[in-house]
Amino acid sequence: LFGSPLSSSIEGTTIYTLSREQHLLFMLLHNIKHFLSSGMGIRQLCDLVMYCNRYGEEISWEGIWNAMEELGYQIWLLNILDIGIKYLGLQESILQYPKEWKRTDQHSEALLKDIICGGVFGRSTANREKAGMLTMQSVFIGRKNTLWRSIFPCLDYMKSHYSYCGKYEILLPIAWLHRLLSYAVHERNPVRMLHKGKRTINAGMERIKLLEQYKMLSE
């Protein structure tokens, strides 16, 4: 990771940091993590654009393109950069796109809408945060049974939220019931609980369609 670090001297002490390429890749992956769950926010996009404009000419872009293509996120990246160029002053000339990349994959309007709706950091509403479970389930297990798995999460998830389930795995059904009852008690009104649940599901399904559009889901 630190094969080619940058160094700075602060009060006589040498501090080593990530290279320009590694820092950009870290920012991209961090933004993808947000995008795959509750969503990426406009502040994160602005940070990315500012970094590219400031250090873009020092970056070896070939490694960035190769890493994103290997991970399967190249279409997402094309559209993120398209938004930056069209609306935020990103300098297209510094990006050095690979010739083989299909620029026809740029259809960024839906992505821009999702980012704006996500607010500053992608978590503008409680519905978006809760819908993150739906999208993450789709990413790791595919879209099939996504809704069912969100209502009845896997054992690993339940272990992290219900300690007794971690000690005694046989209590997983009890933990599921505990979780559902907690929601019911918190909302008090069953009709309102169902209404909020429906809104969360709708928000999650809309974001899943977006992930499918950019080919970011498991087969």
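Of the residues that make up segment 31-40, is at least one without any contact (Cβ under 8 Å) to a residue 12 or more places away in the chain and closer than 27 Å to Leu217 by Cα?
Going residue by residue through segment 31-40, those that are without any contact (Cβ under 8 Å) to a residue 12 or more places away in the chain are 33.
Now drop any that are not closer than 27 Å to Leu217 by Cα, which leaves 33.
Yes, segment 31-40 contains a residue that is without any contact (Cβ under 8 Å) to a residue 12 or more places away in the chain and closer than 27 Å to Leu217 by Cα.
Within segment 36-93, the residues that satisfy the criterion of being assigned to a helix (DSSP H, G or I), polar (S, T, N, Q) and open to solvent by 10 Å² or more (accessible area, probe 1.4 Å) are Gln44, Asn53, Asn66, Gln74, Ser93.
Only one entry of Asn79, Asn66, Asn31 meets the criterion of being over 22 Å from Gly119 (Cβ atoms) and not small (Gly, Ala, Ser), and that entry is Asn66.
When you look at Ser19, is it farther than 20 Å from Ser93 by Cβ, open to solvent by less than 50 Å² (accessible area, probe 1.4 Å) and without any contact (Cβ under 8 Å) to a residue 40 or more places away in the chain, yes or no? Judged against the criteria, Ser19 is a match. Could you tell me whether segment 192-213 includes any residue that is modelled with pLDDT of 80 or more and either in contact with a Lys or Arg (Cβ under 7 Å, 6 or more places away or on another chain) or of a type in the set (Gly, Ala, Ser) (or both)? Yes: one or more hits.
Looking only at segment 158-191, which residues are modelled with pLDDT under 75 and not basic (Lys, Arg)? Even if it seems obvious, please write down each step before you answer.
Here is the first cut: in segment 158-191, the ones modelled with pLDDT under 75 are 183-191.
Listed by number, the residues that qualify are Tyr183, Ala184, Val185, His186, Glu187, Asn189, Pro190, Val191.
Each residue in segment 6-23 was checked for being out of contact with any helix residue (DSSP H, G or I) (no Cβ under 6 Å at 6 or more places or on another chain) and under 29 Å from Asn79 (Cα atoms), and 5 pass.
The values are calculated or read from the model by the stated rules, or taken from the named source; none is laboratory data. Given the structure is predicted, the values throughout are model-derived calculations rather than measurements. Here the Cβ is made from the backbone with ideal geometry for all residues, glycine too, and neighbour counts use every protein chain on show. Areas reflect the complete protein model, heavy atoms only, side chains present, ligands, DNA and RNA absent. Shrake-Rupley method; radii C 1.70, N 1.55, O 1.52, S 1.80 Å.
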